[in-house]
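Encoded as structure tokens, the structure appears first; notes follow it.
A short reminder: the numbers here are calculations on the coordinates, not readings from a lab. Predicted model, so just to flag it, every value in this text is computed and none were measured. In this analysis, Cβ positions are derived from the backbone assuming ideal geometry, glycine residues included, and neighbour counts consider all displayed protein chains.
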Amino acid sequence: MTQQVRRTLGRVPVLAGVILLAGVNGALASSAATDPSAPPKPLLQGAAPAHQTLANKCVFPDPVGERPVTMDVEATLPKVVPSGKPVQVKDFSLTFTLGEGTLGALTEVTGAATIELTATRDDKTSAIPVTLEIPATKVPATGELKLVATGKVPDIVSTRPGELRLTTGAPSLALTAEKTETPPKPITCTQVPDQDTALGSVTLAELRAAEPKTDKPGEKPGERARAAQDEPVPDAVFPLQPFESQGTSSVKKLGAFVRLTPSFIFNAFYYLYPAPPHRSTGSTILPPSKMTFLGFGFVPVNGTMELLPTDYKTGNTVVDVETMLHGDTTTTAIARIELFGKLKDITINGTPLDVGPDCMTAEPIVLNLRGPNWNAFTGGVLRTDPKDPEPAFQGFTLPKFSGCGVTENLDSLLSGMGSGPGNQACIGVNQVGLEWEAERKCPNTDPPVGRR
């Protein structure tokens, strides 16, 4: 999911707090997703395939409007899992069938989808958000279009035995023309009523763990086992509306100021614990951003920078963001984000410089960001600050570049121009649908009127 699925997923109502079951909370550990076009794999022992077809009504950008969209859901579910162990939903995919002409004149699209599974045990429910990628797909000149989305379902953990039932909600999509920087178009969907939304069920078997006979020196018997059980459990989880984000960055060595391409934060949740720190999570796809600066102080340089997740080599483009909130509702927020930077489309004094397809920072860029007066539901500003009392938050280091150049090694040239410490970053986050108030906006985010 850059391709920024941002202005993108439309408004999703803020739901009432979803109370977690005593034992159903979504861990962030991921299960493997597979390519539905690949030959089917043999089933895991004790697992069974799950399939459902659901009818939706989706609202496409004007002039198309509302159209029917069929969604086929595929997954592999375990039959029996010991309580306290993760329930892993494997091979999860969604196939959307769109009628002829739904996407107008587009000839090739790419984008993302989000969907919410609901895990129910007895009368307790928990929302399991899933983010999926839609690869570049050709739009046929005539006939239906099928878009296949794949993604990882977070592990589901229940500490109590019983039957865990999984149901499927309505999807949201964001599609854009391939090979363009046009922001994705938001497509919101609602399920056609009176459908069976059950994906399947898993039996949670009681498993009594034996008390360890030996512990670490100095520990009382069973102390380590009890410590694991004392992990804090949220009192409630609040699904949030999607957020817009705008950002800026300055590179000290270049004297360059970069306005980042706006993006969206989706699958956002607020985890309320008995006491701070609370937690907020979400996912984003960061579109490429244009850069213009003077190399070595006098050479005009233009290019594009992509920011990618640390596991980009797997094909993932979704960046997961976790923010710790050190207070209630309006609070100080702290986030740590690690991203690889990729350079492309470089020109020096108007002459193309072939940096190749793998011109990346040799290490992740580590951003430690702090945001006072952060509101868990409406957003705020996260930034580095040279005056912050903690050195980690005073700026970030741009690592050296590696893998640059086709006919010659350009690593030293590009690293010499820009790599080094003392750089600054600012990210403004705003709930979709709200005006961009000053407290949620980075300075100088909007370009001068003549450059818009």
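Some notes on this structure:
- Residues whose amide H falls under 5 Å from that of F396, counting only those 5 or more places apart or on a different chain, are G422, N423, Q424, with hydrogens built in the peptide plane.
- The residues E437, E408, when put in order of fewest to most other Cβ atoms within 10 Å, stand as E408, E437.
- Extended-chain gain in nm, criterion 0.36 nm per residue less alpha-carbon gap, N373 and E163: 71.4 nm
- For V299 and Y273, the difference between the fully extended length at 0.36 nm per residue and the C-alpha to C-alpha distance is 4.1 nm.
- Annotation for S402 and T53: the two label points, set 7 Å from Cα along the Cα-Cβ direction, are 4.9 nm apart.
- Taking the fewest neighbouring Cβ atoms within 10 Å as the starting point, the ordered list for Y270, Y312 is Y312, Y270.
- Take the Cα of T137, step 7 Å toward its Cβ, do the same at D354, and the gap between the two points is 3.5 nm.
- Relative contact order for the stretch 236-451: 21 percent, from Cα pairs under 8 Å spaced at least 6 residues apart, divided by residue count.
- Two-site label geometry, T107 and W436: point separation in nm, points 7 Å out along Cα→Cβ: 3.3
- Beyond 27 Å in Cα-Cα separation lie the following of the pairs K252/K313; K252/K387; K124/K146; K85/K342: K252/K313; K124/K146; K85/K342.
- Inverting the pair-averaged 1/r between distinct Cα atoms of the stretch 236-451 gives 18.1 Å as its Kirkwood hydrodynamic radius.
- For the stretch 377-391, 3J(HN,Hα) computed residue by residue from phi via the Karplus equation (6.51, -1.76, 1.60; θ = phi - 60°) reads 9, 10, x, x, 10, 10, 7, 8, 8, x, 9, 4, x, 9, x Hz, glycine and proline entered as x.
- Cβ crowding within 10 Å ranks S412, S83 as S412, S83, fewest other Cβ atoms first.
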